[in-house]
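Please read the structure below before turning to the comments.
The values are calculated or read from the model by the stated rules, or taken from the named source; none is laboratory data. In this text the structure is predicted, and so the values were computed from the model without any measurement. All Cβ positions, even for glycine, are placed from backbone atoms using ideal geometry, and neighbour counts span all protein chains on display. The area values use the complete protein model at the heavy-atom level, side chains included, leaving out ligands, DNA and RNA. Shrake-Rupley method; radii C 1.70, N 1.55, O 1.52, S 1.80 Å.
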Amino acid sequence: MSEVSSAPGRRLSQLRQQLGLSQRRAAELAGLTHSAISTIEQDKVSPAISTLQKLLTVYGLSMAEFFTDEERLTAPQVVIEPESLIEIGSQGVSMKLVHNGNPMRALAMLLETYEPGSSTGEKIRHQGEEVGTLLEGEIVLTVNGQQFPLRAGQSYTINTGMAHSFSNLSARVCRIISAHTPTTF
């Protein structure tokens, strides 16, 4: 487990300070409250994926860049072991990024697990497109306010420039495999 995975708040604090931003200014730019930034930076709470995405947009980083160790970027691999997948999820949502260390890759793939009652949080929006297949369980995909209930075996494709979120409203775990472009999620 990388240092970022175990203490994302500390890394977010370092990034904010490197940019010369106060917590209040970072909160303002990200559309969050000062107390939310403070709590996250103290690692008292793990941010929702949508919250983390807002902060990283302010800090000029993608999710992959935030969670990828520097040394991982120097030696592209062909086979990636399960323990080498990069966890970028939180709050009952596991998103394991399959990353071979190649910073020039054109496609990103995620292995996603949604615990019962979990969600990606507020709507996410980023340039590109995403395709995925539900391997197990049920999920509600919301795109631009329209809900799409999906079950195991069904697939989806979305323009990720549209506001979207994933919510597991069922009592069972949901597993998804997805791919998106560009890689800067």
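Before moving on, here are some points about what is shown:
- ILE177 being within 19 Å of ILE49 (Cα to Cα), open to solvent by 40 Å² or more (accessible area, probe 1.4 Å) and within 14 Å of the chain's Cα centre (by Cα): yes
- Residue match in region 72-88 (condition: open to solvent by 40 Å² or more (accessible area, probe 1.4 Å), under 27 Å from SER167 (Cα atoms) and free of Cβ contacts under 8 Å to residues at least 24 places away in the same chain): yes
- Filter result for LEU12 (free of Cβ contacts under 8 Å to residues at least 24 places away in the same chain, in a helix (DSSP H, G or I) and within 15 Å of ILE88 (Cα to Cα)): no
- Test: residue in region 88-98 that is at pLDDT 80 or above, out of contact with any strand residue (DSSP E or B) (no Cβ under 8 Å at 6 or more places or on another chain) and not in a loop (DSSP other than H, G, I, E, B): yes
- Residue among SER50, SER46 that alone is assigned to a helix (DSSP H, G or I) and touching a strand residue (DSSP E or B) at 6+ places or on another chain (Cβ under 7 Å): SER50
- Residue ID - modelled with the highest pLDDT, chosen from residues in region 108-135 that are open to solvent by 30 Å² or more (accessible area, probe 1.4 Å) and among the acidic types (Asp, Glu): GLU115
- Residue among MET95, MET104 that is touching an Asp or Glu at 6+ places or on another chain (Cβ under 6 Å) and either surrounded by 19 or more Cβ atoms within 10 Å (Cβ to Cβ) or assigned by the TED database to the domain that holds LEU169 (or both): MET95
- Residue list for region 1-42, restricted to those being open to solvent by 40 Å² or more (accessible area, probe 1.4 Å), modelled with pLDDT of 85 or more and under 17 Å from the mean Cα position of the chain (by Cα): ARG11
- Looking across region 112-144 at every residue that is part of a strand (DSSP E or B) and of a type in the set (S, T, N, Q), the one that is farthest from SER167 (Cα to Cα) is identified as THR133.
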